[in-house]
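Taken together, the values in this text are just the output of simple stated rules run on the coordinates, not laboratory data. All figures in this text were calculated on a predicted structure; none of them were measured in a lab. Cβ placement follows ideal geometry from the backbone for every residue including glycine, while neighbour counts extend to all protein chains displayed.
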Amino acid sequence: MSSVRLLLCLAVLLVLAGCASPRTTQPASPAELRAQIARLLPANLADRQGWAKDIQVAFTHQGIAATRDNLCAALAVTEQESTFQADPSVPGLGRIAREEIDRRAARLHVPQFLVNAALSTRSPSGKSYSERLETVRSERQLSEIFDDLISTVPMGRTLLGGLNPVRTGGPMQVSIAFAERHAKGYPYTYTGTIRQEVFSRRGGLYFGIAHLLAYPANYDRQLYRFADFNAGWYASRNAAFQHAVSRVSGVSLALDGDLIAPGAILPGATERAVRQLGDALDMRNPAIRSQLEEGDSLAFESTRLYRRVYALAEQHEGKPLPRALLPGIVLESPKITRTLTTAWFANRVEARYQRCMQRG
């Protein structure tokens, strides 16, 4: 082949390569990224440029690859959780909150008249806590009520233990505890607390996108990140590991992604099942425990335990086993009025993600 023909072939290949991967091409500047996000956002969304800017900052500042599939993943979770509302309203939230207070009071054997007296106290807003609960519409408002109740009413600290029971917030309904753990490097200047920032559009998106995408995973579909967003990092990977353990040990396990319960001293069901394989794995119990404790990181996949369990299970089954499965978790929350699961959530987000990928 002549040098001219070789150069022409190389030029054609370069052009084809450039055309073959438009979904993974990242915008060259923040302005271009904001423009791309704006094109992917729902057409009737108010303040689309504001939403695009907050999402762009979250991606850029955290060094998350702004590929089209990552952008659509973030948008799909936001749409599922709040339909793009910075502080979404929750039907019946005041009633739910009052029922939770009454349940806590009953567990602590606090008489109902003392609860009523505490809630009739005038709050810093000028209204009583009962009046504020009757009109509360969003988790941000409810969080503010609980903060005031804890700090100003002695019975509030008794009932709530000094801890605000509102655990999620913002347009992606991200865990407030997660945001507080990952607050270092937060790019915005703010007054107040990280909890309060979660209820803002910029803060909720920043920490929500971090929870969804700012960890390494060997998943071949975003579907499993959607499940992890609901159940915790690596829950899908760990559920598949539990499935492999179950197949080779014969022990039926709940595929919930929890390899070791937080703070557990005694072995749980998964650890007990793995211990039954100790001789086949050529591993002692302390080594099994220490390697199961890697289950909240990518490093777990490099452990002897992970590799040996899959080798044994696949030999037993005579076929490859999945490295990711949707966790079998039933969702529990006072806000949920019907039976929902992590798999339901992940599949709902997946449908929105696919529609986003078809836009633009």
Distance from the range 145-201 to the range 48-82 (C-alpha centre basis), Å: 23 Å
5 angstrom amide H check on VAL174, placed H, neighbours 5+ away: GLY169
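At 1.306 mPa s and 10 °C, plugging the Kirkwood radius over alpha-carbon pairs of the chain into Stokes-Einstein gives what diffusion coefficient in µm²/s?
Working: Rh = 23.3 Å.
Using the Kirkwood radius from Cα pairs, D works out to 68 µm²/s.
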Whole-Hz couplings from phi, Karplus 6.51/-1.76/1.60, listed for the range 215-225; x for Gly and Pro: 8, x, 8, 9, 6, 9, 9, 5, 3, 6, 5
Cut-off under 5 Å, modelled amide H: who pairs with SER128 long-range: SER123
Solvent-free Debye scattering, log10 I(q)/I(0), computed from the Cα coordinates of the range 93-169 at q = 0.11, 0.23 Å⁻¹: -0.22, -1.10
Phi to ³J(HN,Hα) by Karplus 6.51 cos²θ - 1.76 cosθ + 1.60 over the range 268-285, Hz, x for Gly, Pro: x, 4, 5, 5, 5, 5, 5, 4, 5, 9, x, 5, 5, 7, 6, 9, 8, 4
Relative contact order of the chain, defined on C-alpha pairs under 8 angstrom at six or more residues apart (%): 17 percent
Helical contribution to [θ] at 222 nm, DSSP H n ≥ 4, -39,500 (n - 2.57), averaged over the chain, rounded to 500: -17500 deg cm²/dmol
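Output the peptides 187-193, 229-235, 292-298 sorted from most to least packed, where packing is the average of other Cβ atoms within 10 Å over each peptide's residues. Numbers along the way, then the final one.
Values: 187-193: 9.9, 229-235: 24.1, 292-298: 17.1.
Peptide ranking by packing, descending: 229-235, 292-298, 187-193.
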The range 222-317, relative contact order [Cα under 8 Å, separation at least 6], %: 29 percent
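Sorted from fewest to most neighbouring beta carbons within 10 Å, what does the list THR135, THR60 look like? Walk me through the numbers on the way to the answer.
Numbers: THR135 10, THR60 16.
Ascending Cβ contact count within 10 Å gives the list THR135, THR60.
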